[in-house]
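The structure appears below as structure tokens.
The values are calculated or read from the model by the stated rules, or taken from the named source; none is laboratory data. Remember, it's a predicted structure, so these values are computed and weren't measured experimentally. Heads up, the Cβs are rebuilt from the backbone with ideal geometry, glycines too, and the neighbour counts pull from every protein chain shown.
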């Protein structure tokens, strides 16, 4: 349903630095850079946009697809190393469905960022 999403921030450089590191294990990278606005994703589809804002925004929950459980684990480690706060270590969430393997962090602006793999190990 969604084509892309945009996050507005008062600290675009810090947020872009964080997302550069946190998204790398998922195979996502900065695809477009306009200075105070950048698009992340794959070369064919920058789906997550970070842009400058004059005022603070409300935190969102963003779940990003991971191809493997190992990628979820690597995302979690990279995000914490880049300054995120833990919001749920990697693991199965069987209440969602039997193969829901996710990890949750809070980014520098307070957004709940998740990586999830829906495939069995």
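Per-residue answers, yes or no, for (1) within 13 Å of residue 63 (Cα to Cα); (2) surrounded by fewer than 16 Cβ atoms within 10 Å (Cβ to Cβ):
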{"site": "2", "(1), (2)": "yes, yes"}
{"site": "7", "(1), (2)": "no, no"}
{"site": "13", "(1), (2)": "no, yes"}
{"site": "19", "(1), (2)": "no, no"}
{"site": "27", "(1), (2)": "no, yes"}
{"site": "31", "(1), (2)": "no, no"}
{"site": "34", "(1), (2)": "no, yes"}
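Taking the listed residues 115, 81, 63, the one that is modelled with pLDDT of 95 or more, exposed (fewer than 14 other Cβ atoms within 10 Å of the Cβ) and closer than 14 Å to residue 19 by Cβ is 81, with no other qualifying.
For the range 39-60, a residue qualifies if it is over 18 Å from residue 2 (Cβ atoms) and surrounded by 14 or more Cβ atoms within 10 Å (Cβ to Cβ), and the qualifying residues are 52, 53. When we screen 32, 1, 15 for residues that are more than 11 Å from residue 115 (Cβ to Cβ) and within 13 Å of the chain's Cα centre (by Cα), the only hit is 15.
Taking residue 94 as the residue in question, decide whether it is under 20 Å from residue 7 (Cα atoms) and either part of a loop (DSSP other than H, G, I, E, B) or in contact with a strand residue (DSSP E or B) (Cβ under 6 Å, 6 or more places away or on another chain) (or both). Answer is no for this residue.
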